[in-house]
Amino acid sequence: MKRSKRLTIVSKVMRDREDKVAQILQKAQGAMLLQLRRLEQLEEYRLEYEQRFLAAGGQGVEAQKLLDFRAFMESLGQAIGRQKQIVERHKADYEARKRQWLAAHSKSDAVAGVVASAKHVEEAAAERKNQRDIDDRAARESTKK
């Protein structure tokens with residue numbers, strides 16, 4: 001089996017590995033974006049709730065409602081803080097997966113380059129052999145005359 005053929009098999013394995021890592025990267029990105037959307041929703045809800053409370057507060061607010069509002073806003077702030085931590089973990093996971101994909105992609109490209117080089121060397125060798133055969137045939141025919 002020619003060297004290029006053996007390397008082509010290795011190249012296919014490397015591409016398959018790169019594809020698997022790319023799928024994992026895509027899932028990590030999707031999870032990160034989902035968590036970011038959840039964080040945005042929480043922040044939008046907090047802003048909306050605060051605006052509604054302030055709009056209603058123009059007419060006066062009972063002390064208990066104010067205490068309830070503050071307690072709810074504190075709980076919402078804690079939920080947002082937890083969600084930010086979740087987002088950071090997903091971002092870190094995404095970045096780690098991205099580095100893995102870049103490494104797999106680089107290896108795959110490197111092996112593909114080696115395959116192309118090996119094919120080029122083999123083609124050049126085959127061309128030289130073919131030219132020698134032609135020259136030998138021509139030399140034999142010229143000596144027969």
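What FRET efficiency comes out for TYR49 versus LYS84 if R0 is 30 angstrom and r is the Cβ-Cβ distance? Round to the nearest 0.05.
Here the calculated transfer efficiency is 0.95.
At 7 Å along Cα-to-Cβ for each site, give me the label-to-label distance between VAL121 and LYS12 in nm.
2.2
Taking the Cα-to-Cβ direction at THR143 and at ALA22 and moving 7 Å from each Cα, how far apart do the two end points lie in nm?
Result: 5.6 nm between the two label points.
What's the angle, to the nearest 10 degrees (0 to 90), between helix 3-57's Cα axis and the longest principal axis of the chain?
10
Quick one: compute a quarter of the convex hull surface over the Cα atoms of the chain and quote it in nm².
Across all orientations, the chain yields a mean hull projection of 13.3 nm².
Coordinate-derived values only; no laboratory data. Computed from a predicted structure; not experimentally measured. Glycine also receives a Cβ, built like all others from the backbone with ideal geometry; neighbour counts cover every protein chain displayed.
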